[in-house]
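Peer 1: Got a structure for you, questions after.
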Amino acid sequence: MKESNTSIIIPVYNEEEIIGSLVRSINSAFPDSEVIVINDGSTDDTARELSKSDAIILNHEFNRGYGASLKTGARAATRDYVLFCDGDGQHSVEDVRKLIKECDGYDLVIGARNSDSYQPFLRRPGKFIMDKYAEFLAGTKILDLNSGLRIFKRDTLMRYLHIMPDGFSFSTTSTLTIIKCNLKYKYIPITVQKRIGKSSVRQLKHGPHTLLLMLRLAVLF
């Protein structure tokens, strides 16, 4: 697919260390794409770093959540496909390009993290439990439940945007929604690097909530 048909959405919260160079690299690599950055109420110098870029900047007055940022970006997007890319330096330009090239004819293409990808050791048990639980609910193998690098057909995404959560469970919920609705999706292998800066994800806080959301979604469909 042509890169000009893609809106690249980058959610950001307190990523002053990496966001300036990340957005510049995305703008340089995809000059024909629409690049939208959502500054989700950052309290550091993220806004100042973003002011140096040529991207479209949308600001939340306070921190509303990862999913809320993605929804703001999706609603503002004007292209046929919407690609979500985390703003912490984990994803490479090459992997972004791979997903854009492979999305024709699919409602969702997920960047599935391969064995060479960085993953914090302490998160592995929780991720294993969540993956197996999601596969039980979905009735199928899921190669990557909550990858932050994914591209949607925008029309499809907008049909289901109202049921997506405002928090970190957006990726998980959107994966299960596409699967349970029997829509067309596929996985593309990607390699994720160690993030720059400190993550705001807390497994003990967000994990149980995500499990409950998945159960509710399975009942809904």
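The values are calculated or read from the model by the stated rules, or taken from the named source; none is laboratory data. Bear in mind that the values here come from a model prediction, so they are computed numbers and not experimental data. Here Cβ is always computed from backbone atoms with ideal geometry, including for glycine, and neighbour counts include all displayed protein chains. We work out accessible area using only protein heavy atoms, side chains counted, and drop any ligands, DNA or RNA first. Shrake-Rupley method; radii C 1.70, N 1.55, O 1.52, S 1.80 Å.
Peer 1: Assuming a ≥ b ≥ c are the square roots of the Cα gyration tensor eigenvalues, decide whether region 88-173 counts as rounded (a/c under 1.5), prolate (otherwise, with a/b larger than b/c) or oblate.
Peer 2: oblate
Peer 1: Full-extension gain between residue 182 and residue 135, please, as 0.36 nm times their residue separation minus the C-alpha to C-alpha distance.
Peer 2: Net length gain for the segment: 15.5 nm.
Peer 1: What lysines sit close enough to residue 153 to cross-link, taking a C-alpha to C-alpha distance under 20 Å and skipping anything fewer than 8 places away on the same chain?
Peer 2: Of all the lysines, those that pass the test against residue 153 - Cα under 20 Å, at least 8 places apart if same chain - are 2, 71, 98, 101, 180, 184, 186.
Peer 1: Which value, in Å², gives the accessible area per residue of the chain when a 1.4 Å probe is used on the protein heavy atoms?
Peer 2: Result: 48 Å² per residue.
Peer 1: Roughly how many percent of the accessible protein surface of region 8-120 is carbon and sulfur, given a 1.4 Å probe and a whole-percent answer?
Peer 2: Result for region 8-120: 42 percent of the exposed heavy-atom area is carbon or sulfur.
Peer 1: Roughly what angle does helix 170-180 make with the longest principal axis of the chain, taking Cα atoms, 0 to 90 degrees, to the nearest 10?
Peer 2: Tilt relative to the chain: about 50 degrees.
Peer 1: Then there's this: Counting only helical runs of four or more DSSP H residues, what would the 222 nm mean residue ellipticity of the chain come to if each run contributes -39,500 (n - 2.57) and the total is spread over all its residues?
Peer 2: -12000 deg cm²/dmol
Peer 1: In Å³ and rounded to a whole number, note down the convex hull volume per residue for the Cα atoms of the chain.
Peer 2: Value for the chain: 110 Å³ per residue.
Peer 1: Which of the peptides 13-21, 58-66 is most tightly packed, and how do the rest follow, going by the mean number of other Cβ atoms within 10 Å of each residue?
Peer 2: Most protected by this proxy first, the peptides run 13-21, 58-66.
Peer 1: Which value, in Å to one decimal place, does the Kirkwood hydrodynamic radius take for region 53-127 when every pair of different Cα atoms is included?
Peer 2: One over the average 1/r among Cα pairs gives 15.1 Å for region 53-127.
Peer 1: If r is the Cβ-Cβ distance from residue 75 to residue 114 and R0 is 30 Å, what FRET efficiency results, to the nearest 0.05?
Peer 2: Computed FRET efficiency for residue 75 and residue 114 comes out at 0.40.
Peer 1: Label points 7 Å out from Cα along the Cβ direction at residue 24 and residue 43: separation in nm?
Peer 2: Placing both labels 7 Å along Cα→Cβ, they lie 2.8 nm apart.
Peer 1: Would you please classify the overall shape of region 24-77 from the alpha carbon gyration tensor, given that a ≥ b ≥ c denote the square roots of the eigenvalues, rounded means a/c under 1.5, and beyond that prolate means a/b larger than b/c while oblate covers the rest?
Peer 2: Since a/c reaches 1.5 but b/c is at least a/b, the shape of region 24-77 is classed as oblate.
Peer 1: Could you tell me what a quarter of the Cα convex hull surface of region 1-132 works out to, in nm² with one decimal place?
Peer 2: 8.9 nm²
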